Amino acid sequence: MFTPKYPPQDTAPIPTAPAPTVYNPVPYVPAPASNRPAVQLTAGSTLALVAGGSAAVLVVGTVLVSMLLAVAITAASVAVCAVTVRSILKSDRR
């Protein structure tokens with residue numbers, strides 16, 4: 001019931017060699033030239049880009065460090081509150 005059914009050997013197609021393909025090269029057509037002016041970096045513009053990038057890195061770093069400090073201060077204050085509440089509750093049982 002679950003065995004595959006194969007055709008008889010004499011009805012199978014005979015494999016043939018593929019036909020040779022003919023290569024017709026397409027002529028190269030260069031892309032049209034752009035009308036936009038090329039960007040030219042002068043010493044001043046390069047210095048401005050470097051200064052702007054450095055300022056952005058410093059600002060992002062300052063924000064991330066301040067957020068990390070805020071989380072650390074909050075965690076420390078929560079720990080101090082937990083120890084205080086635990087001490088108060090423990091002293092009330094005596």
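Here are the numbers:
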| item | result |
| --- | --- |
| Accessible surface of Val50 - all protein chains present, 1.4 Å probe, nearest 10 Å² | 90 Å² |
| Inter-label distance, nm, simple model (7 Å from Cα along the C-beta direction), Ala31/Met1 | 6.4 nm |
| Dimensionless Rg/Rh of the chain - Kirkwood Rh, Rg from C-alpha atoms | 1.57 |
| Residues of the chain: accessible area per residue with a 1.4 Å probe, Å² | 101 Å² |
| Accessible-area composition of segment 29-93, carbon plus sulfur, in percent [1.4 Å probe] | 75 percent |
| Residue-averaged 222 nm ellipticity for the chain, from DSSP H runs of 4+ at -39500 (n - 2.57), nearest 500 | -20000 deg cm²/dmol |
| The chain: angle of helix 43-92 to the longest principal axis, Cα-based, in degrees nearest 10 | 50 degrees |
| Difference of contour (0.36 nm per residue) and Cα-Cα distance, Ala82 to Gln9 | 17.8 nm |
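The values are calculated or read from the model by the stated rules, or taken from the named source; none is laboratory data. Worth saying up front: this structure is predicted, and the values here are computed from it rather than measured. Here the Cβ is made from the backbone with ideal geometry for all residues, glycine too, and neighbour counts use every protein chain on show. For the accessible areas, the whole protein counts, side chains as well, though only heavy atoms, and no ligand, DNA or RNA atoms are used. Shrake-Rupley method; radii C 1.70, N 1.55, O 1.52, S 1.80 Å.
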